[in-house]
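The values are calculated or read from the model by the stated rules, or taken from the named source; none is laboratory data. Only a predicted model underlies this, so the values are computations on that prediction, with no experimental measurement involved. Here Cβ is always computed from backbone atoms with ideal geometry, including for glycine, and neighbour counts include all displayed protein chains. Please note that ligands, DNA and RNA were not included when accessible areas were found on the heavy atoms of the full protein model with its side chains. Shrake-Rupley method; radii C 1.70, N 1.55, O 1.52, S 1.80 Å.
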Amino acid sequence: MITAHLTETEIQLYVAEPEAISRQLVTHLEDCALCRAKVANYVSLFKQIQEAPKPTFDFDLTALVLEQLPAPKMAFPWAAILISVLATALVAVSAVFFWSGIVVLIKGVSGVLLAVAATGAVVIVGFQAIELLKQHQKQMDTLLAQKTLQL
Ligand SMILES: [Zn+2]
């Protein structure tokens, strides 16, 4: 039998998880009135804490917090639209202005050179599409991994 009394931590552990302390400490508890009294006090204390009413606010916390948050802006993408219109206009004006030059250039270029240029453009677009798909898949994997961690 242990002659020293249990520490406060050991008594709290015994009350919370009786199987977590050693057999020697349990034997001491069975024979020691002082430690049993402390156990009874902690049992009563833990029971009162569990039964205590949960603290509640007497005001609507959600409404107060929402009042503090800035309202979401429903911004219309004016800048993107303006830039798109200007770029389209620039391409259209250039095509109209240089149309005769473009026609002469296309007629002057041999068919083989045109086929090589078209093949190169198709290959580049293909590689960009593959890269875009890989990037999308990587982002989806990252998002799904984060979602799994939160659950
Ligand atoms: Zn004791």
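For the chain, carbon and sulfur atoms together expose 70% of the accessible surface, with a 1.4 angstrom probe and every protein chain in place.
Projecting label points 7 angstrom from Cα along Cα→Cβ for Glu19 and Val109 puts them 8.0 nm apart. Listed peptides 14-20, 93-99 appear in the order 14-20, 93-99 once ranked by packing, highest mean of other Cβ atoms within 10 Å at the front.
Counting only Cα atoms, the chain measures 109, 45, 19 Å along its principal axes, largest extent leading.
Computed over the chain, relative contact order equals 14 percent, with contacts defined as Cα pairs under 8 Å that lie 6+ residues apart.
Per residue, segment 1-85 exposes 84 Å² of solvent-accessible protein surface, assessed with a 1.4 angstrom probe and all protein chains in place. Among the helices of the chain, those built from whole DSSP H runs whose Cα atoms reach 24 Å or more along their own axis and whose mean Kyte-Doolittle hydropathy is at least 1.6 are 78-97. When only DSSP loop residues count, what chymotrypsin sites (Phe, Trp or Tyr not before Pro) in segment 37-79 have their Cβ near at most 15 other Cβ atoms within 10 Å? Passing sites in segment 37-79 are Phe57, Phe59.
Applying D = kT/(6 pi eta Rh) to segment 8-51, where Rh is the Kirkwood radius over alpha-carbon pairs, T corresponds to 20 °C and eta to 1.002 mPa s, the Stokes-Einstein value obtained is 203 µm²/s.
Once you have a ≥ b ≥ c as the square roots of the Cα gyration tensor eigenvalues for segment 54-143, tell me rounded if a/c is under 1.5, and otherwise prolate or oblate according to whether a/b is larger than b/c. Oblate is the answer for segment 54-143, as a/c is 1.5 or above yet b/c matches or exceeds a/b.
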